[in-house]
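One structure is given here, and the rest of the page talks about it.
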Amino acid sequence: MNQKIPFETIVRHHGPTVWRVCRAVLGPGQDAEDAWAETFVAALTVWEGLPPDTNVEAWLVRVARNKAVDVVRSSARRAVPTASPPETAWEDDAVSRAGVDPADAAVTREREDMLWGAVDALPERQRLAVAYHHLGGLPHDEVADIIGGTPAAVRRASSDGMRALGRRLGVSGQEDDPHDLDANTGGTS
């Protein structure tokens, strides 16, 4: 890790990965957005003192997981009405800066909604294994440390989850590369 990299660059580069982990663990809604923001606030407080050999992405995924667990614990103590998730500003800004046609962006959002609906429908263990391994990029042994169990059990849950996603989304060629969500969902992950 290069300590001279501005923190804003880290947010831009790893923000989507952190968002996918928060979204996969917490589901749609404000809680995922709050966990995403809290992840980067917490990361900023220790950024300067982080050891140079730290894998920043894995570290941020771990921080995001901890923030998501905090949200789950706090929401267990209070009732929260759910509504459809608002569009996130950083996604809208990226679309407008990239010059993407609004119709194409709408199709992409629809595909993403289908993907997230399919991820949300997975049993919890499969959902977490898919989120941490495929969306968060963590190896199976680290995922096993986070969610419990053995790396082999996590590998199986991850594989079963990807297979279920492929069936639910009607993806052909699921057997070819079950680790590539982008290729299997038409470019949306």
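Read-outs throughout are calculated quantities, based only on the coordinates presented, and are distinct from any laboratory measurement. Please read these numbers as outputs of a predicted model, since none were measured by experiment. FYI the Cβ positions are ideal-geometry reconstructions off the backbone, even for glycines, and counts take in every protein chain you see.
Return the FRET efficiency for the residue pair Asp53, Asp160: r is the Cβ-Cβ distance, R0 is 30 Å, and the value is rounded to the nearest 0.05.
On the way: r = 34 Å, r/R0 = 1.14.
That pair, Asp53 with Asp160, gives E of 0.30.
Which FRET efficiency value, to the nearest 0.05, do you get for His13 and Val41 by plugging their Cβ-Cβ distance into 1/(1 + (r/R0)^6) with R0 = 22 Å?
Values: r = 17 Å, r/R0 = 0.78.
After rounding to 0.05, the efficiency reads 0.80.
Taking the alpha-carbon centroid of each part, what is the distance from the range 114-143 to the range 31-71 in angstrom?
Rounded to whole Å, the Cα centres lie 18 Å apart.
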